[in-house]
Amino acid sequence: MKKLLLLICAGALLFTIGCKKQDQEVAPQGNGSWTLAGVSYKANVTYKGPTSHGEFLINFWESAPTADLKVNSLALSFKEDPTTSGTYQLVGYGTTLSGKQFTLAAGTKEGLAYAYIGATNIDVTITVTGGKAKVVIPEITLKGASGQADAKLSASVQEM
């Protein structure tokens, strides 16, 4: 189980960095912050776009990642682009997404990876204004995938 979780989270982090289309630009700025394991991070860069797996990804980073630069990150993967405000459900990583559901993974520049794998779906408020999503995540527990302890996460982030 630990190996599977590690592979899922490592894949999520690589997916977060690697699934960006080459012709798309990373937005120059972001808004909001998240707290992971008691450490606060500021969203300075956002990315939004479809993935090669048919899902829709919104990333929040402290700075733009590269192949050689790991950054603190928060990745939300949706079944489809969240274009309307409402209540969405955070579901466990590895769940086949439907409707207004999404998964969440987080990573640190030190290479620590986390994912929400809870058995309970969590209602999350997403407000969409001008095509940009603001996501408010209540305090949840993420599973550590790199041998570290599980960690608490909360967030209020908005794509720019």
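General remarks:
- Among the residues of segment 129-144, those identified as under 15 Å from the mean Cα position of the chain (by Cα) and surrounded by 14 or more Cβ atoms within 10 Å (Cβ to Cβ) are ALA133, LYS134, VAL135, VAL136, ILE137, ILE140, LEU142, LYS143, GLY144.
- Check on VAL157, under 14 Å from TRP34 (Cα atoms), hydrophobic (A, V, I, L, M, F, W, C) and surrounded by fewer than 15 Cβ atoms within 10 Å (Cβ to Cβ): no
- When residues of segment 111-128 are limited to those that are among the β-branched types (Val, Ile, Thr) and either within 15 Å of LEU76 (Cβ to Cβ) or in contact (Cβ under 8 Å) with a residue 24 or more places away in the chain (or both), the one surrounded by the most Cβ atoms within 10 Å (Cβ to Cβ): ILE117
- Selection count where residues are in a strand (DSSP E or B) and touching a helix residue (DSSP H, G or I) at 6+ places or on another chain (Cβ under 6 Å), scope segment 46-72: 1
- Being under 20 Å from THR35 (Cβ atoms), hydroxyl-bearing (Ser, Thr, Tyr) and buried (at least 16 other Cβ atoms within 10 Å of the Cβ) is a property that THR108 has.
A short reminder: the numbers here are calculations on the coordinates, not readings from a lab. Bear in mind the structure is a predicted one, so any value in this text is a computation, not a measurement. Cβ: placed from backbone, ideal geometry, glycine included. Neighbour counts: every protein chain shown.
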